[in-house]
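Before any comments, here is the structure.
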Amino acid sequence: MSQSLRRKVSNWALTSFFVFAGVMHFVHPEWFLRAMPPYIPFPLEMVFISGVFEVLGGIGVQVHAARKFAGYGLIALLIAVFPVNIHMALHPEVFPQFPAVALYVRLLFQPLFILWVWSSAIRDQS
């Protein structure tokens, strides 16, 4: 598979991942509200705002002129929501459908997602 084709496949996968995740913020906001740490103000609004930015960032990856900007935005979003992932790991009782260890393992995926966005949407873009 050529580098160009790999990049296109990665970009489409990235778009699909973030658009799907963003839409889920509107379809099942109650799930995201349970994950929200109590110190974050306006939790419902934050769920919707993060959903909007996930959708916009995912779509932005497909727009050549916006790709780098979208990539940096998605990385910022991944960093911004990391405290939510930590909160989930520290409170597994709120998510009995997941083994507690899975909530900790999930934390390891955040740097991998950041690397994916960087390599797909930002690095070597011309």
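The values are calculated or read from the model by the stated rules, or taken from the named source; none is laboratory data. Since the structure is predicted, the reported quantities are computational estimates derived from the model, not experimental observations. Positions of Cβ are generated from backbone atoms using ideal geometry, with glycine treated the same way; all protein chains shown enter the neighbour counts.
Here are the numbers for this structure:
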read-out	value
Check on Pro92, in contact with a Pro (Cβ under 7 Å, 6 or more places away or on another chain), at pLDDT 95 or above and within 21 Å of Leu107 (Cα to Cα)	no
Unique residue being under 13 Å from Ala121 (Cα atoms) and not aromatic (Phe, Trp, Tyr) when the list is Gly57, Gly22	Gly57
Contacts under 7 angstrom Cβ, first residue in region 94-109 being closer than 18 Å to Pro37 by Cα and surrounded by 13 or more Cβ atoms within 10 Å (Cβ to Cβ), partner among the aromatic types (Phe, Trp, Tyr) and modelled with pLDDT under 95, 6 or more apart	Leu103/Phe95
Among the residues listed as Val47, Val61, the single one being aliphatic (A, V, I, L, M), in contact with a Phe, Trp or Tyr (Cβ under 7 Å, 6 or more places away or on another chain) and buried (at least 16 other Cβ atoms within 10 Å of the Cβ)	Val47
Index of the failed condition, Gly71 passing every other in (1) more than 18 Å from Lys8 (Cα to Cα); (2) of a type outside the set (A, V, I, L, M, F, W, C); (3) surrounded by 13 or more Cβ atoms within 10 Å (Cβ to Cβ)	(1)
